[in-house]
1. If N is the number of residues in the chain, what value comes out of its Cα radius of gyration divided by 2.2 N^0.38 Å?
2. Put a dot 7 Å past each Cα toward the Cβ at residue 439 and residue 408; how far apart are the dots in nm?
3. Would you mind putting 40-46, 280-286, 116-122 in packing order, based on average other-beta-carbon counts within 10 Å, highest first?
4. So if R0 is 35 Å, what FRET efficiency would residue 400 and residue 155 give, r being the distance between their Cβ atoms, rounded to the nearest 0.05?
5. Which of the peptides 165-177, 447-459 is most tightly packed, and how do the rest follow, going by the mean number of other Cβ atoms within 10 Å of each residue?
6. In the P(r) worked out for region 15-107, what percent of Cα pairs fall beyond 17 Å?
7. As a check on your grasp of the helix formula, calculate [θ] at 222 nm for the chain: sum -39500 (n - 2.57) over DSSP H runs of n ≥ 4, divide by the residue count, round to the nearest 500.
8. Take the alpha carbon atoms of region 54-102, find their center, do the same for region 277-311, and report the distance between the two centers in whole angstrom.
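Only the coordinates and a few stated rules stand behind these numbers; no lab work does. These figures come from a predicted structure and were not determined experimentally. No Cβ is skipped: glycine too gets one built from the backbone with ideal geometry, and neighbour counts run over all protein chains shown.
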Ligand code: SF4
Ligand code: SF4
């Protein structure tokens, strides 16, 4: 009698293209299909790798072209430095990036995944070619000798490439000068950076050596958003089932076909698909495009190159698998203009305009007024009332500058700054202690709002309100020593 638990535990079919029906890993070794799309993607991929590698070494306006300094909380992009206080600019930039992704996906489907995503670029154009170099192309009949040694060599090369990519990645966050210094010194002198680099190298080895296409199939959130981002008119890679079905094996030609001569198909009326499965064997995510649009399809166009090569061999028109839209395949026509390709660009125009205006009006300096921690004011032995704070000035320009700090229209107040004017080197931040003193009679009401101005005597001048406290209706005032804390102003 059959064991009922057996049928319960065994699924009828694969639930994921990277898993077998019994749940074990299905290792994919896609065949490489040469063609115009592979040539174009290869050129794009190597250009992107070159750009990614060079960017940390390039400089603009005397600064790194891109430096994401998380420790200092400064983000330099195209030679312009953004601070965490640039919340509006950073939020607008994020919105622009997200909306651009929505628009590109609505129009061109997963063109990002198939042509520019770093996961695909490095896997398909660096790691898989290395695998083929050491262990031979999938499907090759020639048995390679010393397979164990070849595998070891492959993983040693993987390690070197991963370490190189990890160093390049780290350069985006610490700069090339720091990185060069760390490379030539002991890890004891920079343990955290060393651990980050080692962890990144390990992660790359795991990803490109083991996890591979599963990132696209089960991890990447972008793939999961496809059903919401695509519509029936989005350009995708699709199989023309009207032309291809019913599929079936064609008879082999007895003689070599002349150019333009068609292969005689069996008497049964068959479509152009000869069911050779070349499109499936070449797919890096292991799916069959003939089953329709699937979440796992990364739009790499390898199935187009594979099928075009088959079609040209059997003398049939190319493009049985091609860039098209669901509507074009089903109804024979596609709509270019539809609501989402009008609304997205309109919102994008507004966002880009707002971003440009904010960027152009961004001042050359910033300052913050920070109340000292502790009691709001002190009464001095002379009877004067004292408020304490700090002024933190950021010089965003490329030259050193000095900034004067003053109180506007309050002659009764005495302002004492550690150093006034405050010298601030280019691109740096300086914090100075500030004391504001007043006679107790000044506080007819308390608290009072005053205006602090910081200016460089030339283009930069900005006023900010600050609240000071005094002993209104009090006989005496507290005298505890305060500590620093951010506060109003
Ligand atoms: S490569 Fe073309 S002909 Fe071969 S199975 Fe795929 S769709 Fe059919
Ligand atoms: S179905 Fe075609 S385009 Fe999609 S991932 Fe597979 S080979 Fe690439």
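1. In units of the globular-protein estimate, the chain measures up at 1.42.
2. 2.6 nm
3. 280-286, 116-122, 40-46
4. Values: r = 51 Å, r/R0 = 1.46.
Computed FRET efficiency for residue 400 and residue 155 comes out at 0.10.
5. The densest-packed peptide leads the list: 165-177, 447-459.
6. So the pairs more than 17 Å apart make up 74 percent of the total in region 15-107.
7. On the way: 16 runs with 174 residues, N = 489.
That comes out to -10500 deg cm²/dmol.
8. 38 Å
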